[in-house]
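**Student:** So that we are looking at the same thing, I have put the structure below in structure tokens.
The values are calculated or read from the model by the stated rules, or taken from the named source; none is laboratory data. Given the structure is predicted, the values throughout are model-derived calculations rather than measurements. Methodologically, a virtual Cβ is constructed for each residue, glycine included, from the backbone with ideal geometry; neighbour enumeration extends over all protein chains shown.
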Amino acid sequence: MNFPPGFLEQLTGTAGFSKDAFAAAHTSGLSVTSVRLNPLKPLPVFPPSSLKISGGILSDLTISPIPWCDTGYYLSERPSFTFDPLFHAGTYYVQEASSMFLEQAMKQSVDISAPLKVLDLCAAPGGKSTHLQSLISKESVLVSNEVIRARSFILRDNIIKWGGDNVVVTNNDPKDFARLEHYFDVVVADAPCSGSGLFRKEPEAMEEWSENNVQLCSQRQQRILADVLPALKNGGILIYSTCSYSKEEDEEICHWLSAEHGMQPVQLSVPTEWGIIESGDGYRFWPDRVKGEGFFLACFQKTVGQEKYHGKTAKQLSHAGQQIRAAVKPWIATEGKQLLLHESTVYAWPEKWVEDFHLFLDKLRVVYSGVRVGELIREKLIPDHALAMSTCMANDVLSSALQLDQAIAYLQKKEFSLETGQKGWQLAVYDQLPLGWINVLPNRFNNYYPKELRILKEK
């Protein structure tokens, strides 16, 4: 493998770096595949048979645990996730193993059982946000932000698929969060970087790497962090990470946070056998030492500023009246939920965070929040796909069980036969997990799986 000029030289002297071992890891041909399970949608067996089928034949796919993530697993080979209905049901997320170390930073720096206000600043496509949502309590709230508008919709779709109701997806520049001064207990900043940690996985990224780009990324990272720090309350936790090996984007950023902003490093307990290298105030992942790609993470506590947010906001959405609640009641378990109305669309939001929801609407560009229940048309609810994906569904909603070939056809929005004696709106279910909605009519049924999410590939 031909690394970019000056790249290996730049890494010389970095904690844990061995030139020969590093180069060997990149030429080994090893491909690491890992997933993280969704505790909101537990599977009786993993991997399921639907994931193990390759070319019509059941493969010998096996798993092994990722030591720093309780719900993370390595797969012995990379299967076809596209044609596993349970992937589309949101039962697991395909994620690089090293980045799951976020779990240790959260568990060791904050009380995750307490009600927390968490910001994932650079969140798309949603790996760390879905992980955070799984870690925090039901009494917590997560703001999942993406600055690029198109990517914020991808983030939204993955958040919806994961199924939680305590997440707000926003599309804001980091400086916008200064409007929420001293609001968040935790800020996670997985900053845009030069991407050298993914060279093994994405060799084409080497063409874009340069020392000048590293410097530009370092400057951008400083701007991002300086802009968002006012939103972190006194005593709050900042978790900073990159997928870069460059010291300018890692250790030197840590030094800058301490020297210029008074941030106090938080030391994490990391077993030696994990192969993770402590470097300065952070932790490095080298592909010759861990089963994963290049990654860097550091954890800090803010020691200056107010303890909490003191701003005010005006209510922007109306609470659903008795008539609307009656129309929605057959569809959703409303305990602990507040129903809010935007024009004809009904949203469900945890009652505890309704005031904060209005705060986000007032201060940020909100792309999605809570659970979009559906649209009211002539006092009847047209259920939304987000409701099907959520864990807020009423227990007695009608459903139709699909076989594997039917489920794939449904996800492709192709025609298929379905025997059902019941008419009306129903969940299309595979292996007892919802995929979306169908509306069964006297002589046919309509497939309401979102067009933009359909499988475009052919088996």
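**Student:** Would you tally the residues in region 81-122 being in a helix (DSSP H, G or I), out of contact with any Asp or Glu (no Cβ under 7 Å at 6 or more places or on another chain) and aliphatic (A, V, I, L, M)?
**Tutor:** Within region 81-122, residues that are in a helix (DSSP H, G or I), out of contact with any Asp or Glu (no Cβ under 7 Å at 6 or more places or on another chain) and aliphatic (A, V, I, L, M) number 4.
**Student:** When you check residue 244 against the structure, is it under 26 Å from the mean Cα position of the chain (by Cα) and over 30 Å from residue 28 (Cα atoms), yes or no?
**Tutor:** no
**Student:** Looking at region 218-236, is at least one residue touching a residue at least 40 places away in the same chain (Cβ under 8 Å), touching a Phe, Trp or Tyr at 6+ places or on another chain (Cβ under 9 Å) and closer than 21 Å to residue 72 by Cα?
**Tutor:** No, there is no match, as no residue in region 218-236 is touching a residue at least 40 places away in the same chain (Cβ under 8 Å), touching a Phe, Trp or Tyr at 6+ places or on another chain (Cβ under 9 Å) and closer than 21 Å to residue 72 by Cα.
**Student:** Hey, another quick one. Please note which strands (runs of 3 or more DSSP E) are completely contained in region 370-459 and include at least 1 residues that are more than 25 Å from the chain's Cα centre (by Cα) and among the small types (Gly, Ala, Ser).
**Tutor:** 399-401, 424-430
**Student:** Which residues, taken from region 182-200, are under 20 Å from the mean Cα position of the chain (by Cα) and in a loop (DSSP other than H, G, I, E, B)?
**Tutor:** 191, 192, 193, 195
**Student:** Is there a residue in region 46-55 that is out of contact with any Leu (no Cβ under 8 Å at 6 or more places or on another chain) and either among the hydrophobic types (A, V, I, L, M, F, W, C) or surrounded by 18 or more Cβ atoms within 10 Å (Cβ to Cβ) (or both)?
**Tutor:** Checking region 46-55: not a single residue is out of contact with any Leu (no Cβ under 8 Å at 6 or more places or on another chain) and either among the hydrophobic types (A, V, I, L, M, F, W, C) or surrounded by 18 or more Cβ atoms within 10 Å (Cβ to Cβ) (or both).
**Student:** Can you pull out the residues in region 280-301 that are surrounded by fewer than 22 Cβ atoms within 10 Å (Cβ to Cβ) and either charged (D, E, K, R) or part of a loop (DSSP other than H, G, I, E, B) (or both)?
**Tutor:** 280, 281, 288, 289, 291
**Student:** A further question on this structure: Restricted to region 447-459, and to residues that are of a type outside the set (A, V, I, L, M, F, W, C) and at pLDDT 95 or above, which residue is farthest from residue 405 (Cα to Cα)?
**Tutor:** Applying the filter and picking the extreme gives 452.
Yes/no per residue for (1) within 28 Å of residue 336 (Cβ to Cβ); (2) surrounded by fewer than 22 Cβ atoms within 10 Å (Cβ to Cβ); (3) modelled with pLDDT of 95 or more; (4) among the acidic types (Asp, Glu):
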{"position": "157", "(1), (2), (3), (4)": "yes, yes, yes, yes"}
{"position": "162", "(1), (2), (3), (4)": "yes, no, yes, no"}
{"position": "169", "(1), (2), (3), (4)": "yes, no, yes, no"}
{"position": "173", "(1), (2), (3), (4)": "no, yes, yes, yes"}
{"position": "176", "(1), (2), (3), (4)": "no, yes, yes, yes"}
{"position": "183", "(1), (2), (3), (4)": "yes, no, yes, no"}
{"position": "187", "(1), (2), (3), (4)": "yes, no, yes, no"}
{"position": "199", "(1), (2), (3), (4)": "no, no, yes, no"}
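**Student:** Out of 37, 58, report the one residue that is outside the structural domain of residue 275 (by TED's automatic domain parsing), of a type outside the set (Phe, Trp, Tyr) and surrounded by 14 or more Cβ atoms within 10 Å (Cβ to Cβ).
**Tutor:** Result of the check over 37, 58: 37.
**Student:** Being surrounded by fewer than 17 Cβ atoms within 10 Å (Cβ to Cβ), modelled with pLDDT of 95 or more and more than 30 Å from residue 379 (Cα to Cα) narrows it down to one of 269, 244, so name that one.
**Tutor:** 269
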